[in-house]
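Chemist: Structure provided below as structure tokens; questions to follow.
The values are calculated or read from the model by the stated rules, or taken from the named source; none is laboratory data. Only a predicted model underlies this, so the values are computations on that prediction, with no experimental measurement involved. No Cβ is skipped: glycine too gets one built from the backbone with ideal geometry, and neighbour counts run over all protein chains shown.
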Amino acid sequence: MPTRTVLATSAAALLASATGVSVTGTAATAAPADIRPAHPAAAPAAAPKLCAENALTVKAAASGQDHVLRLSVKNHSSRACLVSRVPLVTYGDLDGAAVPFPLSGSSTYKLDAGKTAHAAVRSLTTSDDSDPRSVGYVVVSANPEHQGKKFTAASLSEPRGLRVWSPVTTLWQPTRAQADDVLAESDGAGALKV
């Protein structure tokens, strides 16, 4: 076999292996047209929806530091869902809610199935001329359209009432320590004690 024929046959064989074309002698024939890819493309995952209130467990607990509560929300559903980026924390019958730190527009936080997010809220940010009020309960909600869960002052180790003035809350965080650190940054007071 002349050298040119060998080179042409070798080149055709290489081309055939790369393109799925079969080679017979020096002539090439196309592979059958109905060959399908070995791994079909997976359908894109559906975007998470807002969490149903009954799929969540919202908790509030005393932190051990004056006027600071630790919050958590757990997703009990089998799918990721969305909560508001900022927990909605209201005090008794007072108007308004705790102000987020850092300031945040309306956005969402993805909460994977079985996972818990954490936040911390300081109810009392006082100056010498402020006049804090006392309330008998706080309501915490993971989404503004949810009813939320009510926690009495007594259940939060404040039997004489929760004192409140210019409350501040963190955004939801992946860990309790991160929530504590963010709240500490909000007034430069240093890390919370565990």
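Chemist: Identify all residues within the range 167-187 that are among the small types (Gly, Ala, Ser) and either under 13 Å from the mean Cα position of the chain (by Cα) or under 19 Å from SER141 (Cβ atoms) (or both); write none if there are none. Steps first, answer last, please.
Modeler: Our first condition is that a residue be among the small types (Gly, Ala, Ser); within the range 167-187, this holds for 177, 179, 184, 186.
Correct list: ALA179 only.
Chemist: So, one more: For the range 71-83, enumerate the residues that are over 11 Å from the mean Cα position of the chain (by Cα), farther than 19 Å from LEU103 by Cα and surrounded by 18 or more Cβ atoms within 10 Å (Cβ to Cβ).
Modeler: SER72
Chemist: I've got another one for you. Any residue at all in the range 84-93 that is hydrophobic (A, V, I, L, M, F, W, C), closer than 24 Å to ASP187 by Cα and more than 24 Å from the chain's Cα centre (by Cα)? I'd like the intermediate steps shown before the answer.
Modeler: Within the range 84-93, the subset hydrophobic (A, V, I, L, M, F, W, C) is 86, 88-89.
From what's left, closer than 24 Å to ASP187 by Cα: 86, 88-89.
Next cut, more than 24 Å from the chain's Cα centre (by Cα) only: none.
No, every residue in the range 84-93 fails to be hydrophobic (A, V, I, L, M, F, W, C), closer than 24 Å to ASP187 by Cα and more than 24 Å from the chain's Cα centre (by Cα).
Chemist: Could you list, in sequence order, the residues of the range 29-67 that are of a type in the set (Val, Ile, Thr) and modelled with pLDDT of 95 or more?
Modeler: THR57, VAL58, listed by residue number.
Chemist: State the number of residues belonging to the range 93-116 that are at pLDDT 90 or above and hydroxyl-bearing (Ser, Thr, Tyr).
Modeler: Selection size over the range 93-116: 4.
Chemist: Taking the range 154-178 only, how many residues are in a strand (DSSP E or B) and over 13 Å from SER134 (Cβ atoms)? Steps first, answer last, please.
Modeler: Pass one, the range 154-178, residues in a strand (DSSP E or B): 162-165, 168-170, 173.
In the following step, the residues that additionally are over 13 Å from SER134 (Cβ atoms) were identified as 168-170, 173.
Selection size over the range 154-178: 4.
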